[in-house]
Amino acid sequence: MHNGPLTTVQEWAVAVLAGGKLAALAGRSGAQAGGLTGWPQRCPAVVVPRGTTYPSLDGVLVKVHESRRFTAEDVHPGSWPPRVRIERALVDAAAWSPRPRTACGILAAGVQQRLTTAARLMVTLDRAGAIRYRQILRSALVDIAGGADAVSEIDFIRFCRRNRLPRPQHQQVRRDPDGRRRYLDATLVGPTGAVVRVEIDGALHLVVSTYWDDMSRGNELAISRETALRFPSALIYLDDPRIVDQLRRALHLSGPSAPTAARAS
């Protein structure tokens, strides 16, 4: 009812209405409409039944996905513009991602933001059939269910597995002297009982307020005389041998470490 630029929600509505009787926001658009933050999509993504004729639209670029398994049961009841349920939106967004690490990150974000659970996503993934990254996504969901809330933590689980390190325990809670709840990224326990707290730093840790919180948490661990190590997420993903060496020494592990697979740049 106006001739100005369309808002995001209005673009979503146009994209869905153009799809006919059965169409819904899907992928990242559907997940964003369902509450996911941090994973926006430039143009609306819409799912329609296979064989649907979708018209060309002036001024609105739409990514149209045809699906044999899309039915009215997939649409979230009462949503406007219509969108698929959050589990399908996240699984589709993962399958449509250009890289597997991005796909795992989307699923982790959905669980981390309390929009769904790893168990519900696993059911939806099983129903989806032979989709892209299926086995990788299954492994990621197993790790997420075990407490890994972010893709960097999933990477760390796999890093430990590749290098024959103890499986990390994620997101353990401790309270500082002021009673504030502090979440530890990972805790490893060696065969001699040595306990090592590990912090995985992504780009968010470069924000000043976050960096100060990290320093405060590290100070509390030092005061408690606990071993705390910090590593950047990129070096975890790249299997930096210095990290392996430091963790093995901190955990009092003897013998040679497992050779790590070469990483593609």
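Tabulated data
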| quantity | calculated |
| --- | --- |
| Label-point gap, in nm, between residue 101 and residue 113 - each point 7 angstrom along Cα→Cβ | 2.1 nm |
| Ranked list, fewest to most other Cβ atoms within 10 Å of each Cβ, for 226, 87, 73 | 73, 226, 87 |
| Estimated Rh, region 8-145: Kirkwood, alpha-carbon pairs, angstrom | 14.8 Å |
| Derived scalar couplings ³J(HN,Hα) [region 185-197; Karplus, 6.51 cos²θ - 1.76 cosθ + 1.60; whole Hz; x for Gly, Pro] | 4, 7, 10, 10, 10, x, x, 8, x, 5, 10, 10, 8 |
| Inter-site label distance for residue 3 and residue 237 at 7 Å from Cα along Cβ, in nm | 4.7 nm |
| Pairwise centroid distance, computed over Cα atoms, of region 1-26 with region 30-45, Å | 14 Å |
| Stretchable slack from residue 164 to residue 199, in nm (0.36 nm times residue separation minus alpha-carbon distance) | 10.7 nm |
| Residue 71/residue 132 FRET efficiency (R0 25 Å; Cβ-Cβ; nearest 0.05) | 0.75 |
| Footprinting exposure proxy for 92, 126, 74 (fewest neighbouring C-beta atoms within 10 Å first) | 126, 74, 92 |
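No value in this document is a laboratory result; all are computed from the given coordinates. Just so we're clear, the structure is a prediction, and the values are computed from it rather than from any experiment. Every residue, glycine among them, receives a Cβ derived from its backbone with ideal geometry; neighbour counts consider all protein chains shown.
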